[in-house]
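These notes are about the structure you will find just below.
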Ligand SMILES: Cc1cc2nc3c(=O)[nH]c(=O)nc-3n(C[C@H](O)[C@H](O)[C@H](O)COP(=O)(O)O)c2cc1C
């Protein structure tokens, strides 16, 4: 994996976080074993969630194992995402429950908790030497119809998983994004002290 994609962190962090990045160029020839997929979803499953609701649901599509199911998943992405994501050997679509099971009230934290679970999956994937690229660019109604997602659950995102490869593998108009330096806000811009936008004083 080319190191220039890894985060240049200001403080040392876990390698499964600093080495995470979102490629568009996936190597179509390198598959992901079931044993690895077991560990990715196990990592997601053990995420924290409000009231332990575990609101996340995942649809798994593996190109090698089930091409028809994989095409179903690809068809649920917006076209600009289809253009690069179909190189990835594994696609995952996500859905989230919108209400608590214990009292049927709206779960304000549901989407937050889906994100935590995908964060766990991403960290595990990075540890396994894989890359993950999340997508908000999905066709929500198509996902609902295609997968029979019932009332009480919302289709949400997609995730491409695989091994990265040369930027030459993506359409020309996307190559620049693949190699552009990665940017982050400064810590003082996201961590406040006693008032909105006041400095915390620790950085
Ligand atoms: C919820 C979510 C939705 C995203 N949607 C898309 C998308 O539809 N298409 C895309 O190419 N990248 C998408 N991304 C990837 C982001 O652009 C990427 O994470 C961001 O630029 C930071 O880059 P990094 O992940 O390499 O640190 C999405 C990421 C997240 C977390």
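The values are calculated or read from the model by the stated rules, or taken from the named source; none is laboratory data. Just so it is clear, the model here is predicted, and its values are computed rather than measured. Every residue, glycine among them, receives a Cβ derived from its backbone with ideal geometry; neighbour counts consider all protein chains shown.
So for the stretch 2-16 (the condition being within 15 Å of the chain's Cα centre (by Cα) and within 16 Å of the ligand (Cβ to nearest atom)), does at least one residue qualify? Working first, answer last.
Our first condition is that a residue be within 15 Å of the chain's Cα centre (by Cα); within the stretch 2-16, this holds for 16.
Those still in the list that are within 16 Å of the ligand (Cβ to nearest atom) too: 16.
For the stretch 2-16, residues within 15 Å of the chain's Cα centre (by Cα) and within 16 Å of the ligand (Cβ to nearest atom): present.
Which of the numbered conditions does residue 180 fail, given that it passes all the others? Conditions: (1) modelled with pLDDT of 95 or more; (2) more than 26 Å from residue 38 (Cα to Cα); (3) within 12 Å of the ligand (Cβ to nearest atom).
(1)
Return only the number of the condition from (1) within 16 Å of the ligand (Cβ to nearest atom); (2) out of contact with any strand residue (DSSP E or B) (no Cβ under 7 Å at 6 or more places or on another chain); (3) modelled with pLDDT of 95 or more that residue 38 does not satisfy.
(1)
Hey, any hits in the stretch 154-171 for a residue that's surrounded by fewer than 12 Cβ atoms within 10 Å (Cβ to Cβ) and in contact with a helix residue (DSSP H, G or I) (Cβ under 6 Å, 6 or more places away or on another chain)?
Yes; the residues of the stretch 154-171 include at least one that is surrounded by fewer than 12 Cβ atoms within 10 Å (Cβ to Cβ) and in contact with a helix residue (DSSP H, G or I) (Cβ under 6 Å, 6 or more places away or on another chain).
Return the residue satisfying two criteria in turn: it lies in the stretch 153-172 and is within 12 Å of the ligand (Cβ to nearest atom) and not in a loop (DSSP other than H, G, I, E, B), and of such residues it is farthest from the chain's Cα centre (by Cα).
164
Quick check on this structure: which one of 126, 105, 179 is over 28 Å from residue 60 (Cβ atoms) and in contact with a helix residue (DSSP H, G or I) (Cβ under 6 Å, 6 or more places away or on another chain)? Quick ask: steps written out before the conclusion?
On the way: 126 fails: over 28 Å from residue 60 (Cβ atoms); 105 fails: in contact with a helix residue (DSSP H, G or I) (Cβ under 6 Å, 6 or more places away or on another chain).
Result: 179 is the single residue among 126, 105, 179 that is over 28 Å from residue 60 (Cβ atoms) and in contact with a helix residue (DSSP H, G or I) (Cβ under 6 Å, 6 or more places away or on another chain).
If I ask for residues that are surrounded by fewer than 18 Cβ atoms within 10 Å (Cβ to Cβ) and in contact (Cβ under 8 Å) with a residue 24 or more places away in the chain, which ones from the stretch 87-107 would you list? Can you show your working first?
Kept after step one, since they are surrounded by fewer than 18 Cβ atoms within 10 Å (Cβ to Cβ), are these residues of the stretch 87-107: 98-106.
98, 99, 100, 101, 102, listed by residue number.
Can you tell me which residue among 81, 120 is near the ligand (Cβ under 10 Å from one of its atoms), closer than 18 Å to residue 21 by Cβ and surrounded by 17 or more Cβ atoms within 10 Å (Cβ to Cβ)? Break it down into steps so the answer makes sense when it comes.
Numbers: 120 fails: near the ligand (Cβ under 10 Å from one of its atoms).
Testing whether each residue is near the ligand (Cβ under 10 Å from one of its atoms), closer than 18 Å to residue 21 by Cβ and surrounded by 17 or more Cβ atoms within 10 Å (Cβ to Cβ) leaves just 81.
Which of the residues spanning the stretch 177-201 are in a helix (DSSP H, G or I) and under 21 Å from the mean Cα position of the chain (by Cα)? It would help to see each step written out before you state the result.
Our first condition is that a residue be in a helix (DSSP H, G or I); within the stretch 177-201, this holds for 177-179, 187-189.
Selection gives 177, 178, 179.
Yes/no matrix, rows are residues, columns are (1) under 17 Å from residue 163 (Cα atoms); (2) surrounded by 14 or more Cβ atoms within 10 Å (Cβ to Cβ):
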residue: 20; (1), (2): yes, yes
residue: 34; (1), (2): yes, no
residue: 48; (1), (2): no, no
residue: 58; (1), (2): no, yes
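Give me the residue from the stretch 128-152 that is within 16 Å of the ligand (Cβ to nearest atom) and part of a helix (DSSP H, G or I) and, out of that set, farthest from residue 17 (Cα to Cα).
Among those that are within 16 Å of the ligand (Cβ to nearest atom) and part of a helix (DSSP H, G or I), it is 142.
Within the stretch 1-31, track down each residue that is more than 18 Å from residue 128 (Cβ to Cβ) and not in a loop (DSSP other than H, G, I, E, B).
Correct list: 4 only.
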